[in-house]
Each structure stands twice: as structure tokens, then as C-alpha cells.
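What follows is a single structure, written as C-alpha cells, with notes after it.
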Amino acid sequence: MEDYIEINYKKLRKIRKEKGLSITKVAKEINIPAATFQKYETGLIKKIPLNLLKKICAFYETKYILFFTKEINSISDIVFYFLTDSSFYRKGKEFLKILDIEEYFKVNNFSNALSCLYNNLTQEEKEEYLSFKLIAETYLKSNKHFKNNELKKEEISLFSFFYANKIKKEKNINLDILKKF
């Protein structure tokens, strides 16, 4: 079964125009009808076969991560998407490799990715996280304002920020490197 991914269609159109290419030229090069390619560019077709996206990127001489629908503006975005979208690791491995942070995202069970990342912390970091979480919950009184399922989502956001901070402390990461793709 072929993998399909949702793309940022505006970026698809922008890159083609920047390269001075017509829809017809690109469609012919990647061997699909021009009308189909136009539907990808206008968002009428939201998901594209991954193999086709890779063909487009080979023709454009760019990386397919450029067309992700998710905007990556911070390390905590990467952690958050990793924890909330089980397909992100498969699709986002390129981000992790480019940023040289793959080792922070080794998990053996994606259904329990939060626990896996938590278990990657040292004992001292676990204690720091639990203190951080307690301070946030106490200050915000979140137990009063959120239901249990909402608290779980908030914990993912909180952990994403904490884990991103750990990565940033240990690595000198410049997200500007992703802009060239």
C-alpha cells in the first residue's frame, strides 16, 4: 500500500513559480496529468503519494520535508508533533537527521512515545521535569480547569517544552538550517 501525505500546497506552487516552470512542464516531467498536478497545487487534492512527492522534489532539486503541512518553528514543535502524530517520525526523520538530533527520538513503542522519551531522561532530569510539571499545575491550577483527557494533552505540551529545552542545552541547534530546504 502506497503512503500518502498531506502537503502544504502553497509551498508546492511557490517553488514551481520560483523555478519559472509551468504546470504542464512539471506534470509532463513527473508523468501525471496537468489537471491532477494543478489540483495538488490548489489544495483540491490534499494528500499526495509519497513516491510522487519524491519525484517532484527530485525534479525541483529540493527535499520533500519542505512540503510538510506542519510548520516547524522550534524544537518543541518537533517534540510535540513526534508525540502527537505517529506518522511524524516516518515522515519527519529527515528533520531529525538534518538537525542531528535523531538519538533523542529513539522509541520502541510509538503508542507510548511520551513514556519512552521520559524514560530517556536521566534521574536528575526526571526529577526536574516532575518539579516543573508540579509548579506549572500548581500555579495554573489546571486540575480545577481541565478534565483528565485535557490534562493529558496539556502534559504533552509541557513535556515538549521541557524535552526541547534539554535538547537545546545539549546541542547547539540552529533551525535556520531548515529554511534552505
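Some notes on this structure:
- Test: Thr36 is in a loop (DSSP other than H, G, I, E, B) and either modelled with pLDDT of 90 or more or polar (S, T, N, Q) (or both): no
- Among the conditions (1) more than 30 Å from Asp3 (Cβ to Cβ); (2) free of Cβ contacts under 8 Å to residues at least 12 places away in the same chain; (3) surrounded by 11 or more Cβ atoms within 10 Å (Cβ to Cβ); (4) of a type in the set (Phe, Trp, Tyr), the only one that Tyr81 does not satisfy is (1).
- Pick from the range 4-49, criterion in contact (Cβ under 8 Å) with a residue 40 or more places away in the chain and β-branched (Val, Ile, Thr), ranking: surrounded by the fewest Cβ atoms within 10 Å (Cβ to Cβ): Ile5
- Inspection of the range 52-74 finds no residue satisfying the criterion of being over 30 Å from Ser160 (Cβ atoms), touching a Ser or Thr at 6+ places or on another chain (Cβ under 8 Å) and at pLDDT 85 or above.
- Test: residue in the range 121-136 that is at pLDDT 90 or above, assigned to a helix (DSSP H, G or I), touching a Ser or Thr at 6+ places or on another chain (Cβ under 6 Å) and assigned by TED's automatic domain parsing to the domain that holds Asp85: no
- Residue count for the range 120-148, restricted to those that are farther than 14 Å from Phe162 by Cβ and not aliphatic (A, V, I, L, M): 11
- Residue satisfying all of: in the range 92-103; in contact (Cβ under 8 Å) with a residue 40 or more places away in the chain and touching a Leu at 6+ places or on another chain (Cβ under 8 Å); surrounded by the most Cβ atoms within 10 Å (Cβ to Cβ) among these: Phe95
The values are calculated or read from the model by the stated rules, or taken from the named source; none is laboratory data. Every value quoted in this text rests on a predicted model; they were computed, and no experiment measured them. So basically every Cβ, Gly included, is an ideal-geometry build from the backbone, and we count neighbours across all protein chains shown.
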